[in-house]
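Everything on this sheet refers to the single structure shown next.
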Amino acid sequence: MNAFTDSLITMSIPITATDRQQAAAFAAQQLPPEKAAQVYRNTISVLVGARYLQLLAISSDVQASQSWDRIERSLKNVADLYLPELDRSIECRSITSDETHCFVPEEVQTDRIGYLIIQLDAPYREGIILGFMPQVTVTQVPLSYVQSLDLLIDRLTARHLGSWLKHKFEQDWLPRLQLLKPPKQPIIQMSSLSTIDASLHRSIEQLYQQAAISEQTEIAPISDDPVTALVHLIQTTQKDEIRWQAAQLLWDVDPDHPVSPVISVRDLGMYLNGHAIALMVGVLPKADGRQLILLRLYPFQAESCLPKALKLAVFDDQNNVLVELESRDRDQYIQFKLTAEPRDAFKVRVSLNEASVVENFLV
């Protein structure tokens, strides 16, 4: 163990003779000896990581991992473990008992759900799971950066918005149903098609006017077709609030359009004493790779209001409060918008009196 990790709760995982045989078989394919030793340790690390996740009832697939591909492991220093349910990999990096830093190659510092830190010492009879790091930006990472395994569990059980963008939703989150429609949407409540069309065009013109004023530039709809005009505004405006409003209009008109935001909802009634409350989450990617995220609480029933003192709290991955909102008399919804970077994590807590529910999200 190490002074930096003595305060963390660790877990010992046995390494079997079969594990060592598998690692030796991969290592035998490599030259020079330094590369063979690297592949041996990486293979053991991945097998230890897979067994640990199995204890957590989290499925993994070593066969689909880069570390199990002969060419990939020959060309790279890779110790990834593929997680099929998340369609992403976790990196299993090893250290020895006398090391104070963990080496993480630049080539594995992106597109990982995080980094599992495992202590391995010859003769490789056990691996000690020391902790977890959600992301790294340097190759020599001090072990003081290692965090609790609880954070790993939060990450693995979080709602992965990257999967949502591929229209892969968890079972308790519902995509594109009528109950997803935000309250007071005049476009869908009008009875006359001509009235709907006129209202939509007025809304689009107003958004273009707002963009022209706020961005101090001449801007006008490029087409009478509402979808074309909305897509253009979403892709060109510099104002995220205008982008969101245009995206919501586009979702009402054409929710399947590739530029439409991805919107899903969860019924929180069973957690909030039977109150029919929906937590809606909308995700809108930006050109720079960041994501605009909308969090909204609203009642299922039409013409109804939220119960008074319903609270929406949002926390970052260090458990710092980003916002805490509370519904008032006759509020039809409360909402919060944030901008997130890839691999950011945040937590949402919805509470009413003594009842509450928490959802973790990973961008």
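Observations on the structure shown:
- Long-range neighbours under 7 Å by Cβ, at least six apart or interchain, first residue surrounded by fewer than 17 Cβ atoms within 10 Å (Cβ to Cβ) within the stretch 55-68, second part of a helix (DSSP H, G or I): LEU56/ILE153; VAL62/VAL46; VAL62/ALA50; VAL62/TRP68
- Here the stretch 289-325 is the region considered, the condition is being loosely packed, with under 15 Cβ neighbours inside 10 Å and of a type in the set (D, E, K, R), and the residue that is farthest from SER264 (Cα to Cα) is LYS308.
- Scanning the stretch 88-134 for residues that are charged (D, E, K, R), closer than 27 Å to GLU341 by Cβ and in a loop (DSSP other than H, G, I, E, B) returns a single hit, ASP111.
- One residue from GLN209, GLN189 being over 16 Å from ALA247 (Cβ atoms), open to solvent by 70 Å² or more (accessible area, probe 1.4 Å), at pLDDT 55 or above and not basic (Lys, Arg): GLN209
- Check on ALA17, over 25 Å from ARG159 (Cα atoms) and free of Cβ contacts under 8 Å to residues at least 60 places away in the same chain: yes
- Residue check, ARG343 at pLDDT below 95 and touching a Lys or Arg at 6+ places or on another chain (Cβ under 7 Å): no
- Subset of the stretch 303-316 (residues that are free of Cβ contacts under 8 Å to residues at least 40 places away in the same chain and either touching a Cys at 6+ places or on another chain (Cβ under 6 Å) or not in a strand (DSSP E or B) (or both)): GLU303, SER304, CYS305, LEU306, LYS308
- Residue match in the stretch 335-356 (condition: surrounded by fewer than 13 Cβ atoms within 10 Å (Cβ to Cβ), over 18 Å from ASP240 (Cβ atoms) and either of a type in the set (Gly, Ala, Ser) or without any contact (Cβ under 8 Å) to a residue 40 or more places away in the chain (or both)): yes
- Strands (runs of 3 or more DSSP E) contained entirely in the stretch 317-363, each with at least 2 residues that are basic (Lys, Arg): 345-352
- Selection within the stretch 244-263 - modelled with pLDDT of 90 or more and touching a Lys or Arg at 6+ places or on another chain (Cβ under 8 Å): TRP244, ILE263
- Every pair of residues 6+ apart whose Cβ atoms lie under 7 Å, when the first sits in the stretch 221-233 and is over 11 Å from VAL253 (Cβ atoms) and without any contact (Cβ under 8 Å) to a residue 24 or more places away in the chain while the second is of a type in the set (Phe, Trp, Tyr) and assigned to a helix (DSSP H, G or I): PRO221/TYR208
- Within the stretch 142-160, considering residues that are assigned to a helix (DSSP H, G or I) and over 12 Å from ILE113 (Cα atoms), the one most open to solvent (accessible area, probe 1.4 Å): TYR145
- Pairs with Cβ under 7 Å, 6+ apart, first in the stretch 30-54 and in a loop (DSSP other than H, G, I, E, B), second modelled with pLDDT of 95 or more and not charged (D, E, K, R): GLN30/ALA36; GLN30/VAL39; GLN30/SER74
- Matching residues in the stretch 254-288 - criterion: being in a strand (DSSP E or B) and touching a Gly at 6+ places or on another chain (Cβ under 6 Å): ILE263
- Checking LEU292 against (1) within 20 Å of the chain's Cα centre (by Cα); (2) assigned to a loop (DSSP other than H, G, I, E, B), the condition it does not meet: (2)
- In the stretch 235-287, the qualifying residues are those that are open to solvent by 60 Å² or more (accessible area, probe 1.4 Å) and acidic (Asp, Glu), and the one that is farthest from VAL348 (Cα to Cα) is ASP256.
The values are calculated or read from the model by the stated rules, or taken from the named source; none is laboratory data. In this text, all values refer to a predicted model and were calculated from it rather than measured experimentally. Neighbour counts run over all protein chains shown; Cβ positions are idealised from the backbone, glycine included. These area figures cover heavy atoms from the full protein model, side chains too; ligands, DNA and RNA do not enter into them. Shrake-Rupley method; radii C 1.70, N 1.55, O 1.52, S 1.80 Å.
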